[in-house]
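Worksheet: the structure to be examined is printed underneath.
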Amino acid sequence: MSEFMIESHGPFETWTINGEAKRNALSRAMVTELAANVARVSGADRSVRAVVVRGAGTKAFCAGADLKERATMTPDEVRAFLSLMRQTFRALELSDCVFIAFVNGAAFGGGTELSLCCDVRVISAEAEMGLTEVKLGIIPGAGGTQRLPRLVGKGVAKELILTGRRVAADEAVRLGLASRIGTQEDAQGLAKVICQNAPIAVALAKHAIDEGAHLDLDAALSVEQQKYAQTIGTEDRIEGLKAFAEKRPPVYRGR
Ligand code: COA
């Protein structure tokens, strides 16, 4: 059985974490397959420009690490698994492909961490998020202690991580943990709109935001300048100007 169900919608895909019976908890096999899929869409063939990630069923996006598998692991195996998760999540974040998490149910621990390395989070009205690890005697180990404060600020991140509190969808949006409450169609609609834009520009804008976010303003503006410079020689930039002049939608080729 495949750990992810993959549907193609032309320029974007929907990846469904395929483990409804265990609330889509992440096993080693799942993270290994996730890594392979991230590598596939980040390779030389850039035909997949965006991915919507969701969980199977209606109860959970992802209930975090597979705690039943975890109970069978030696300490060394736990360390290796966490390292695989960290590398996989980082590869996803560094990809030119845009990742949209559709948090369609509970997202706890590694589930919230997976959503945090996506570029956009859409949460369904009944879903909850939380970094609940301290309740289990561990800490977030796949980037949560670093990505959550960068997203919502140190104070809110400390409150959420130190309490391990579960946050309902409306509060998640209010805190900036998710950008909006919506349906799968809304998440896929965002992917569609993103894929209509110039591919090189979208990737460069994503990296400019990520790379600049924690630099001082002068260094960050210089990151923006470098990324902008890379759009100047592209055919897509000329096409954007031409389409504007000819009052027609642009046809971008990612060149
Ligand atoms: N790892 C392995 N199995 C898990 C799991 C996890 N992280 N989370 C849930 N499951 C399993 C349950 O053990 C149960 O299995 P069983 O049918 O063999 O007993 C099954 O999934 C359904 O779980 P249940 O709690 O009955 O479903 P629910 O829909 O009422 O609640 C959750 C779903 C996600 C809210 C709840 O399962 C939960 O809180 N899980 C723990 C999440 C967590 O603490 N994650 C942090 C990991 S660091």
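The values are calculated or read from the model by the stated rules, or taken from the named source; none is laboratory data. From a predicted model like this one, the values you see are computed outputs, not experimental measurements. Note that each Cβ is placed from the backbone with ideal geometry, even for glycine, and that neighbours are counted across all protein chains shown.
Restricted to segment 7-32, and to residues that are in a strand (DSSP E or B) and under 16 Å from the mean Cα position of the chain (by Cα), which residue is surrounded by the most Cβ atoms within 10 Å (Cβ to Cβ)?
Here the answer is LEU26.
ALA203 is checked against (1) surrounded by fewer than 22 Cβ atoms within 10 Å (Cβ to Cβ); (2) farther than 24 Å from GLN230 by Cβ; (3) out of contact with any Gly (no Cβ under 8 Å at 6 or more places or on another chain); (4) of a type in the set (Gly, Ala, Ser) and fails just one. What number does that condition carry?
(2)
Restricting the search to segment 203-255, which residues are modelled with pLDDT of 95 or more and of a type in the set (Gly, Ala, Ser)?
ALA203, ALA205, ALA208, GLY212, ALA219, ALA220, SER222, ALA229, GLY233, GLY240, ALA243, ALA245
Residues that are under 22 Å from VAL38 (Cα atoms) and more than 16 Å from the ligand (Cβ to nearest atom): list the strands (runs of 3 or more DSSP E) wholly contained in segment 62-176 that include at least 2 such residues.
So the answer is 98-103, 120-123.
Residues being aromatic (Phe, Trp, Tyr) and within 10 Å of the chain's Cα centre (by Cα): count how many of those fall in segment 78-122.
Residues flagged as aromatic (Phe, Trp, Tyr) and within 10 Å of the chain's Cα centre (by Cα) within segment 78-122 amount to 3.
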